[in-house]
Amino acid sequence: MERFTVHTGRGVPLRRSNVDTDQIIPAVYLKRVTRTGFADGLFAAWRQDPAFVLNQPQYAGADILIAGPDFGTGSSREHAVWALQDYGFKAVLSPRFGDIFRNNALKGGLLAVVLPEAEVERLWAHVEADPTTPITVDLVEREVRYGEVRLPFDIDDYTRWRLMEGLDDIGLTLRHLDDIEAFERRRPSWKPTTVAG
Amino acid sequence: MGETETAVRGRAGVGRTMADKIWEEHVVRRADGEPDLLYIDLHLVHEVTSPQAFDGLRLNGRRVRRPDLTLATEDHNVPTVGIDQPIADPVSRTQVETLRRNCAEFGIRLHPMGDRNQGIVHVIGPQLGLTQPGMTIVCGDSHTSTHGAFGALAFGIGTSEVEHVLATQTLPQYKPKMMAVTVNGTLPPGVTSKDIILALIAKIGTGGGQGHIIEYRGEAIASLSMEARMTICNMSIEAGARAGMIAPDDTTFAYLEGRPHAPSGRAWEQALDYWRSLPSDPDAVFDEEVFLDAGSLSPYVTWGTNPGQGAPLDGVVPDPSTFSDPIERAAAERALQYMDLQPGTPLRAIRVDTVFIGSCTNGRIEDLRAAASILRGRKVADGVRVLVVPGSMAVKEQAEAEGLDEIFRAAGAEWRSAGCSMCLGMNPDQLAPGQRSASTSNRNFEGRQGKGGRTHLVSPLVAAATAVTGHLSAPSDLT
């Protein structure tokens with residue numbers, strides 16, 4: 001995973017709430033067995049509308065998605081994160097995320113940042129008025145900055161450290177193999193196994 | 001994170017919730033400033049969210065730590081007719097074949113298409129007796145919350161986490177907050193657990209449970225069968241929650257006893273002792289509490305494009321201009337445009353061309369019995385296509401033993417083999433653009449059942465009544 005520390009880019013105002021992962025990437029794209037190449041599926045149905053925000057030339061190349069509340073609800077498909085990343089997004093800002101989406105994003109290095117709804121509205125208006133506005137997502141300082149505005153955000157220390165170091169979760173857990181083995185030794189024997197009986 | 005309220009809540013001496021108890025039982029490692037490392041008792045795997053995880057294992061030279069705690073099935077991509085033939089869509093076929101290769105390579109038990117125990121992952125776990133109280137259960141599928149009906153801590157995960165569980169049988173997790181949803185009173189006739197959960201989501205919204213585990217309780221919940229409890233827990237994710245749970249009781253134990261993977265003999269007694277210790281303590285503290293009165297509920301249907309956009313069938317399509325919240329108003333306007341509905345239209349006046357009865361929400365034997373009780377001796381309305389899709393091959397077998405398939409066929413419905421079917425557009429069962437369904441599934445998102453398709457979520461009883469009249473209806477509307 002790539003390290004994430006500070007990223008400065010331009011924003012895409014996605015003025016929609018309840019953007020479920022079926023909209024981020026429709027099920028038909030989930031049949032692939034690879035981890036990359038999902039950019040064409042990103043918002044596939046909505047992108048057919050020429051007026052859709054991603055089709056507007058002033059937002060071409062912008063890589064910070066600014067979404068309404070309840071972004072990434074629904075299906076657990078991590079393909080939603082892969083599609084956003086393949087398209088070029090580095091961060092998503094929203095007042096509220098679906099839990100599984102946010103987990104998936106933070107596992108894969110796509111920074112999902114929770115901002116107050118009023119601030120998201122303000123940022124939408126600002127970016128729509130001036131799409132060239134540079135926006136900085138600073139994981140080190142835990143804040144989003146644009147113009148004179150500084151918006152602190154919460155992220156737990158552990159996830160922040162892991163993202164800043166670009167560390168693989170599995171590798172970290174396997175350092176504690178002794179603990180896993182000890183747990184397995186004291187696990188009740190009547191717990192079921194999937195071995196055909 | 002520092003000393004949180006949830007950490008305090010989990011301490012001995014303070015009343016603990018069921019989720020607290022199960023969580024504490026599964027902590028492999030706890031360290032300051034880190035998520036708890038939780039042991040996973042059962043990992044369910046399907047073809048869609050696993051291929052990249054197995055690739056990750058190969059890339060890093062890792063093995064599956066506990067194939068004996070892992071079970072795989074084919075469900076999302078499989079066709080529900082002609083299952084003795086190879087899958088026609090080459091991309092779907094490749095995904096299913098990839099799962100077969102991965103399971104063979106890593107030594108994982110797989111129930112492939114056509115197998116007697118094949119079915120939707122959340123239907124087969126309980127049916128095999130693998131889903132038991134007090135367990136931690138994960139799957140790369142958001143509807144893993146279904147298994148919480150047994151008093152298990154069960155939640156959906158992404159593919160990176162699937163790989164993590166395959167490699168380590170653990171997951172680093174922060175403990176979510178707890179929400180109690182208390183449903184008191186008695187459900188009126190014709191009102192089901194599907195209506196409870198649709199009413200709850202309409203009340204608290206699709207983000208209402210975000211960051212929480214919901215525990216459903218109260219007399220209306222305790223009186224439900226296991227199948228009905230699974231329907232409620234299944235849609236916890238549609239309320240935004242990580243998981244949904246119901247305390248295990250005699251209904252739970254009776255369902256489990258004698259199932260292939262349930263403990264037996266002395267082990268059964270040991271298990272029972274543990275299971276009986278699981279329900280939340282009387283003085284357990286929840287972060288949030290919501291109350292519903294079962295007696296005031298009626299059949300619910302959705303009118304919009306998220307599961308929170310629902311209303312009693314007796315109502316009308318709402319007028320977005322009356323919504324005070326600007327974001328909800330905009331969402332409702334968009335939804336009505338997509339759904340091609342006018343404000344003020346009675347919900348009963350909405351005509352459908354498709355009815356889908358099935359899915360991990362409502363594809364179990366009881367759901368099929370409920371639908372059959374309405375369709376017995378009746379005919380499907382002209383121009384309406386009705387798909388009845390059992391959640392598993394075992395459900396299919398049981399339904400056929402009870403003659404339900406004959407009832408469905410005689411009414412003019414199609415009787416299919418097991419799979420996710422029309423719940424999501426990954427297999428041949430899909431809506432065409434502009435088609436409208438009454439569906440017992442869980443999501444009415446834009447395009448969920450096929451590009452351009454329009455979905456109204458309903459209970460099996462409402463689905464069956466709608467099949468007969470051709471417009472959204474309750475059984476009480478039938479003569």
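The values are calculated or read from the model by the stated rules, or taken from the named source; none is laboratory data. These numbers were taken from a predicted model, which means no experiment stands behind them. So basically every Cβ, Gly included, is an ideal-geometry build from the backbone, and we count neighbours across all protein chains shown. To get the accessible areas, we keep the full protein, side chains included, count just its heavy atoms, and leave off ligands, DNA and RNA. Shrake-Rupley method; radii C 1.70, N 1.55, O 1.52, S 1.80 Å.
Residue check: is B:GLY156 among the small types (Gly, Ala, Ser), surrounded by 22 or more Cβ atoms within 10 Å (Cβ to Cβ), in contact with a Ser or Thr (Cβ under 8 Å, 6 or more places away or on another chain) and within 10 Å of chain A (Cβ to nearest Cβ)? Give the steps one after another, and end with the answer.
On the way: among the small types (Gly, Ala, Ser): yes; surrounded by 22 or more Cβ atoms within 10 Å (Cβ to Cβ): yes; in contact with a Ser or Thr (Cβ under 8 Å, 6 or more places away or on another chain): yes; within 10 Å of chain A (Cβ to nearest Cβ): yes.
The answer is yes for B:GLY156.
Counting only helices (runs of 4 or more DSSP H) wholly contained in segment B:183-248, the ones carrying 2 or more residues that are more than 20 Å from B:PRO312 (Cβ to Cβ), open to solvent by less than 30 Å² (accessible area, probe 1.4 Å) and more than 14 Å from chain A (Cβ to nearest Cβ) occupy B:226-234. Could you say which residue among B:ARG436, B:ARG443 is open to solvent by 10 Å² or more (accessible area, probe 1.4 Å) and among the charged types (D, E, K, R)? From the options B:ARG436, B:ARG443, the qualifying one is B:ARG436.
Screening B:PHE54 against (1) open to solvent by 10 Å² or more (accessible area, probe 1.4 Å); (2) at pLDDT 95 or above; (3) not acidic (Asp, Glu) leaves a single unmet condition, (1). Just one of the listed residues (B:GLU227, B:GLU215) is of a type in the set (Asp, Glu), at negative phi, touching a residue at least 60 places away in the same chain (Cβ under 8 Å) and touching a Lys or Arg at 6+ places or on another chain (Cβ under 6 Å), namely B:GLU227. If you go through segment B:452-467 one residue at a time, do you hit one that is free of Cβ contacts under 8 Å to residues at least 40 places away in the same chain and open to solvent by 10 Å² or more (accessible area, probe 1.4 Å)? There is at least one residue in segment B:452-467 that is free of Cβ contacts under 8 Å to residues at least 40 places away in the same chain and open to solvent by 10 Å² or more (accessible area, probe 1.4 Å). Scanning segment A:149-197 for residues that are closer than 24 Å to A:ARG10 by Cβ and free of Cβ contacts under 8 Å to residues at least 12 places away in the same chain, we see that the one that is nearest to the chain's Cα centre (by Cα) is A:PRO152. How about segment B:249-293: which of its residues are over 30 Å from B:ALA464 (Cα atoms), of a type in the set (D, E, K, R) and more than 14 Å from chain A (Cβ to nearest Cβ)? B:ASP249, B:ASP250, B:ARG276, B:ASP281, B:ASP283, B:ASP287, B:GLU288, B:GLU289 - these are the residues of segment B:249-293 that are over 30 Å from B:ALA464 (Cα atoms), of a type in the set (D, E, K, R) and more than 14 Å from chain A (Cβ to nearest Cβ).
For segment A:149-160, enumerate the residues that are open to solvent by 70 Å² or more (accessible area, probe 1.4 Å) and not in a strand (DSSP E or B). Spell out the reasoning first.
First, pick out the residues of segment A:149-160 that are open to solvent by 70 Å² or more (accessible area, probe 1.4 Å): A:150, A:152, A:154, A:157.
Of everything in segment A:149-160, those that are open to solvent by 70 Å² or more (accessible area, probe 1.4 Å) and not in a strand (DSSP E or B) turn out to be A:ASP154, A:ASP157.
Taking segment A:161-193 as the range and being among the aliphatic types (A, V, I, L, M), buried (at least 18 other Cβ atoms within 10 Å of the Cβ), facing chain B (nearest Cβ under 9 Å) and in contact with a strand residue (DSSP E or B) (Cβ under 9 Å, 6 or more places away or on another chain) as the test, only A:ILE180 passes. Could you identify the single residue in B:LEU37, B:LEU71 that is part of a strand (DSSP E or B), modelled with pLDDT of 95 or more and either under 30 Å from B:VAL285 (Cβ atoms) or hydroxyl-bearing (Ser, Thr, Tyr) (or both)? Criteria check complete, one pass: B:LEU37.
Given the structure, is A:ALA83 within 12 Å of chain B (Cβ to nearest Cβ) and small (Gly, Ala, Ser)?
No: the conditions fail for A:ALA83.
When the residues of segment A:82-99 are filtered to those that are within 14 Å of A:ASP63 (Cβ to Cβ) and in a helix (DSSP H, G or I), the one that is most open to solvent (accessible area, probe 1.4 Å) is A:TYR87. Of everything listed in (1) surrounded by 24 or more Cβ atoms within 10 Å (Cβ to Cβ); (2) more than 8 Å from chain A (Cβ to nearest Cβ); (3) within 26 Å of B:SER277 (Cβ to Cβ); (4) more than 20 Å from the chain's Cα centre (by Cα), the single unmet condition for B:GLN173 is (1).
If you scan segment B:294-333, which residues turn out to be assigned to a helix (DSSP H, G or I) and more than 14 Å from chain A (Cβ to nearest Cβ)?
Matches in segment B:294-333: B:ALA294, B:GLY295, B:SER296, B:SER321, B:THR322.
None of B:VAL317, B:VAL352 is without any contact (Cβ under 8 Å) to a residue 60 or more places away in the chain, more than 25 Å from A:PRO95 (Cα to Cα) and open to solvent by less than 20 Å² (accessible area, probe 1.4 Å) except B:VAL317. Figure legend. Inter-residue proximity from segment A:13-38: first residues in contact (Cβ under 8 Å) with a residue 60 or more places away in the chain, second residues charged (D, E, K, R) and open to solvent by 10 Å² or more (accessible area, probe 1.4 Å), beta-carbon distance below 6 Å, spacing 6+ or different chains. Indicated pairs: A:PRO13/A:GLU128. Those residues that are outside any loop (DSSP other than H, G, I, E, B) and either open to solvent by 10 Å² or more (accessible area, probe 1.4 Å) or of a type in the set (A, V, I, L, M, F, W, C) (or both), I need them from segment A:62-81; list them, please. Listed by number, the residues that qualify are A:ILE64, A:LEU65, A:ILE66, A:ALA67, A:PHE71, A:THR73, A:ALA80, A:VAL81.
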